[in-house]
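To start, the structure under review is shown below, and the notes come after it.
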Amino acid sequence: MLDLCDMSSEENFSSLGLNEDLIQGIDSMGIQKPTPIQRESIPHILEGKDVLGIAQTGTGKTAAFLLPVIHSIIKESNRTSVSALIVVPTRELATQIDQAISAYGYFTDISSMPIYGGSDGKVFTQEKHALTTGTDIIVATPGRLNMHINLGYVDFSKLKFLILDEADRMLDMGFQPDIQRIIAQTPDSRQGLLFSATMPDTIFNLSRGFLNNPITINIALSKPP
Ligand code: AMP
């Protein structure tokens, strides 16, 4: 469990305005107080702002974007297409985020599917089904998602959120062209969130092309001497 919370703050997840069923999921995971990145990001994301978050794993960054995204999606009752796309560097991270969606969203009707390379034809068919029948949140690695996009049946025209997580790692792994292709599939109206542990020029340039007037949130982890 993280120990990054400012215990003097009385702010909790209810005071951030999150849905009660979602708060039940957060409670059942034993999480009580938002971490700094959660306190700072959640209100802006709920307001519809684009966010550039500079934060490492261990700061609670995953919940910082998942909670407001799930909150916004479950408010809509007639959902027939993919509402949020989370692009991540590795299958491990895709699986981990998919599991976090199931845990936080346990008492809601949110649906999600991880999409990553290396699996067999049966899994490919399940992924295609999730992409075309309106699973709420897709968590995908860039190469595998582009395989589906190239086959022509992916329609992100009604996408509400595009999230790039661990963006610096994705660029280090050579995914820049794949990411640009994915961004080009999404509507201008979508809300963009970009999370990265570091902020080199390449990430700055990516964020300039992708985010619209973003709020920048920089959470520096203190390191032992
Ligand atoms: P992350 O930085 O997103 O990789 O999260 C690291 C770990 O912190 C995960 O195991 C989360 O379940 C946990 N976590 C997320 N938010 C909180 C919070 N507000 N309080 C305590 N633990 C948390």
Query - Reach of residue 158 by Cα under 18 Å, taken over lysines that are not fewer than 8 positions away in the same chain - result: 49, 75, 128
Report task. Report the far tail of the P(r) of the chain, meaning the percent of Cα-Cα pairs longer than 28 Å. Result -> 25
Query raised in the report: Which ³J(HN,Hα) values, rounded to whole Hz and listed in residue order, are derived for the stretch 190-196 from phi using the Karplus coefficients 6.51, -1.76 and 1.60 in 6.51 cos²θ - 1.76 cosθ + 1.60 with θ = phi - 60°, glycine and proline given as x?
Result: 5, 8, x, 10, 10, 10, 8
Requested in this report: For n ≥ 4 DSSP H runs only, could you compute -39500 (n - 2.57) per run for the chain, divide by its residues and tell me the 222 nm figure to the nearest 500?
Outcome: -12500 deg cm²/dmol
Report summary line: One finds the C-alpha centres of the stretch 89-124 and the stretch 152-225 to be spaced, in Å, by 19
Query raised in the report: Under the definition of Cα pairs under 8 Å and six or more residues apart, what whole-number percent is the relative contact order of the chain?
Result: 27
Query raised in the report: Where Lys and Arg each count +1 and Asp and Glu each count -1, what net charge lies around residue 212 among other residues with Cβ under 11 Å from its Cβ?
Result: +1
Report task. Quick one: order 196, 15 by neighbouring beta-carbon count within 10 Å, fewest to most. Result -> 15, 196
**Report entry** Student exercise, the chain dipole from Lys, Arg, Asp, Glu Cβ charges, in Debye to nearest 20
**Finding:** 500
Query raised in the report: From a point 7 Å beyond the Cα of residue 158 in the direction of its Cβ, which residues of the stretch 60-79 have a backbone N at a distance under 19 Å?
Result: 69-79
Report summary line: Counting sequence-distant residues (5 or more places) and residues on other chains, those with an amide H built under 5 Å from that of residue 53 are 194, 195, 196, 217
Requested in this report: List every residue whose amide H lies under 5 Å from the amide H of residue 86, counting only residues 5 or more places away in sequence or on a different chain, with H placed 1.01 Å from N in the peptide plane.
Outcome: 138, 139, 140, 163
Query raised in the report: Any idea what angle helix 121-133 forms with the longest principal axis of the chain, computed on alpha-carbon atoms, 0 to 90 degrees, nearest 10?
Result: 70
Report task. Enumerate the calculated ³J(HN,Hα) couplings along the stretch 88-102 in order (Karplus 6.51 cos²θ - 1.76 cosθ + 1.60, θ = phi - 60°), each rounded to whole Hz, writing x wherever the residue is Gly or Pro. Result -> 9, x, 10, 5, 4, 5, 4, 5, 4, 5, 4, 5, 5, 4, 4
Report summary line: Ranked from fewest to most other Cβ atoms within 10 Å of their own Cβ, 194, 67 fall in the order 194, 67
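No lab work stands behind these numbers, since they all come straight from the coordinates. This is a predicted model, so every value here is computed, not measured. With ideal geometry, Cβ positions are generated from the backbone for all residues, glycine too; neighbour counts draw on all protein chains shown.
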